[in-house]
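*Asks:* My structure is below; once you've seen it, I'll send some questions.
The values are calculated or read from the model by the stated rules, or taken from the named source; none is laboratory data. Just so it is clear, the model here is predicted, and its values are computed rather than measured. Backbone-built Cβ (ideal geometry, glycine too); neighbour counts: all protein chains shown. Each accessible area value is taken on the protein alone, full model and side chains, heavy atoms only, with ligands, DNA and RNA left out. Shrake-Rupley method; radii C 1.70, N 1.55, O 1.52, S 1.80 Å.
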Amino acid sequence: MPELQVGAVKIHTAAGENMLDALLAAGQKVPWSCRAGHCQTCIVQALSGQPPPQAEVGLSSDQREAGWLLSCQCPVQQDMQLKLHDPAVDGIAARIVELHPVTDQILVLRLKPERPMRFQPGQHAVLWLDSELARPYSIASQPGDTLLTFHLRLHQNGAFSDRIQRLTAGHTVYLGAAGGHMHYDPDWQDKPLLLLAAGTGLAPLQAIARHALESGHQAPIELRHWHDEPVCYFQQPLQELAASHPQLTLRLQPRTELAADLTQLRLASRFTLALVCGPPTFVEQLRKPLYMAGLPGRQIIDEAFLSRRA
């Protein structure tokens with residue numbers, strides 16, 4: 001029977017038992033959100049014992065070398081000594097500069113990290129309010145920006161949503177390492193980009209569009225956003241960006257138009273790359289229309305915003 005040790009606490013598990021389940025059952029305060037291996041809120045550090053490969057998928061080389069693993073993806077097969085993540089020690093402290101509600105359900109958060117953070121536009125990072133409450137959010141900024149910006153969807157009765165709205169400028173939060181596959185590749189220079197977003201899925205895709213244009217992207221870029229509000233919450237900055245870059249086309253539509261729009265989906269060329277971001281139901285809804293439009297799966301990159309409630 002494998003044994004997990006966290007500090008002075010020893011936890012006996014069944015062989016193959018999920019590590020996150022074992023830790024939570026033993027009363028360890030391990031945050032979690034998606035349970036799918038994407039959000040990285042449940043990371044713990046192996047001080048002894050070798051994590052299985054599936055528990056390291058999506059982590060950076062620095063994280064893997066330091067022994068960090070995704071506890072939700074780790075079946076316990078051997079004795080392991082673990083250290084729980086402490087955001088004040090293992091993360092990057094960041095001061096809140098601005099909390100700006102742009103709609104009743106969307107909050108723009110701007111942070112000033114105490115030191116530079118490495119990321120690619122479109123990736124996500126975990127925001128830690130304390131050692132027990134954390135959620136992943138896409139980074140809406142560019143690496144050269146002074147502040148890190150996040151677009152937060154507020155959930156009714158959500159623990160993170162309730163807490164973040166009570167914070168004020170000057171409060172300190174903590175950032176985990178950037179991760180995720182949603183970012184611009186320099187090899188895409190001559191490929192048309194079709195960026196499809198719903199809700200705050202716009203945050204990473206507008207960052208990717210900005211990065212592509214600043215990198216001298218040559219092919220057309222079409223950015224579509226389906227919104228629940230009367231207008232797109234980020235309409236003005238997008239229109240200013242499109243005004244100075246004629247290869248960028250915007251289509252900002254109410255969510256009620258989504259089904260009709262998908263029946264008329266057309267590609268700029270067979271080399272088009274589609275990047276899709278938003279709620280799981282939205283991402284799933286786009287798979288068949290993109291395939292029917294002639295786009296093979298290898299040319300579709302998607303990221304679903306899984307919530308803890310889902």
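*Asks:* Enumerate the amide H contacts of residue 154 below 5 Å, restricted to partners 5 or more residues apart or on another chain; note that Pro and chain-start residues carry no placed amide H.
*Replies:* 106, 107
*Asks:* On the protein heavy atoms, probe 1.4 angstrom, tell me the percent of accessible surface of the chain carried by carbon and sulfur.
*Replies:* Numbers: 7160 of 14570 Å².
Reported share for carbon and sulfur atoms: 49 percent.
*Asks:* Turning to a different aspect of this structure: Can you bin region 171-310 into rounded, prolate or oblate? Criterion: square roots of the alpha carbon gyration tensor eigenvalues sorted a ≥ b ≥ c, rounded for a/c under 1.5, prolate for a/b above b/c, oblate for the rest. Let's see the in-between values first.
*Replies:* Working: a/c = 1.25, a/b = 1.09, b/c = 1.15.
Because its axes are fairly even, with a/c under 1.5, region 171-310 counts as rounded.
*Asks:* Still on this model: Classify region 53-193 from the C-alpha gyration tensor, please: rounded if a/c falls under 1.5, else prolate or oblate depending on whether a/b exceeds b/c. Write down the numbers at each step before the final one.
*Replies:* Numbers: a/c = 1.73, a/b = 1.17, b/c = 1.48.
Oblate is the answer for region 53-193, as a/c is 1.5 or above yet b/c matches or exceeds a/b.
*Asks:* Could I ask something else about it? Please list the non-local residues whose amide H lies under 5 Å from the amide H of residue 252, H modeled 1.01 Å from N, same-chain partners needing a gap of 5 or more.
*Replies:* Excluding prolines and chain starts, which carry no amide H, the hits are 225.
*Asks:* Once you sort the root eigenvalues of the Cα gyration tensor of region 37-87 as a ≥ b ≥ c, which label holds: rounded (a/c under 1.5), prolate (a/b larger than b/c) or oblate (the other case)? Show your work: numbers first, answer last.
*Replies:* Details: a/c = 1.36, a/b = 1.19, b/c = 1.15.
Rounded.
*Asks:* Counting only DSSP beta bridges with both residues in the chain, tell me the antiparallel percent, nearest 5. Each step should come with its number before you reach the end.
*Replies:* On the way: 38 of 64 bridges.
Close to 60 percent.
*Asks:* Next up: May I ask for the distance between the Cα centers of region 5-28 and region 158-217, given as a whole number of Å?
*Replies:* So the separation of the two Cα centres works out to 34 Å.
*Asks:* Give me the one-decimal nm value for the distance between modelled label points at residue 157 and residue 132, 7 Å along each residue's Cα-to-Cβ direction.
*Replies:* 2.0 nm
*Asks:* Shifting gears a bit: Given Cα pairs under 8 Å that are at least 6 residues apart, what percent is the relative contact order of region 33-164?
*Replies:* Relative contact order, region 33-164: 21 percent.
*Asks:* Give the lysines reachable from residue 10 as a straight Cα distance under 21 Å; neighbours fewer than 8 places away on the same chain don't count.
*Replies:* Here the lysines satisfying the reach criterion relative to residue 10 are 29, 83.
*Asks:* Using only helices, what value at 222 nm comes out for the chain when you add -39,500 (n - 2.57) per DSSP H run of length 4 or more and divide by the total residues, to the nearest 500 deg cm²/dmol?
*Replies:* Working: 8 runs with 65 residues, N = 310.
Value at 222 nm, helices only, nearest 500: -5500 deg cm²/dmol.
*Asks:* Now for a separate question. Please list 225-232, 195-202 highest first by mean number of surrounding beta-carbon atoms within 10 Å per residue. Could you put the intermediate results ahead of the total?
*Replies:* On the way: 225-232: 17.2, 195-202: 25.6.
In descending order of packing, they fall as 195-202, 225-232.
*Asks:* Using 7 Å Cα-to-Cβ label points, what is the residue 267/residue 83 separation (nm, one decimal)?
*Replies:* Output for this residue pair reads 4.8 nm.
*Asks:* Identify all aspartates and glutamates with a Cα-Cα distance to residue 288 below 14 Å; exclude those on the same chain that are fewer than 8 residues away in sequence.
*Replies:* 261, 302
*Asks:* Moving to a separate point now. Once the Cα gyration tensor of region 197-274 is diagonalised, what are the square roots of 5 times its eigenvalues, in whole Å and ordered largest first, as equivalent ellipsoid semi-axes?
*Replies:* On the way: eigenvalues 81, 56, 21 Å².
Equivalent ellipsoid semi-axes, largest first: 20, 17, 10 Å.
*Asks:* Using θ = phi - 60° and the Karplus relation 6.51 cos²θ - 1.76 cosθ + 1.60, list the HN-Hα couplings for region 258-265 in order, rounded to whole Hz, with x at every Gly or Pro.
*Replies:* For region 258-265, the Karplus curve yields 4, 4, 5, 4, 5, 6, 10, 5 Hz.
*Asks:* Roughly how many Å² is the accessible area per residue of region 107-226, as a whole number, for a 1.4 Å probe? Before the final figure, lay out each step's value.
*Replies:* Working: 4530 Å² over 120 residues.
Value returned for region 107-226: 38 Å² of accessible area per residue.
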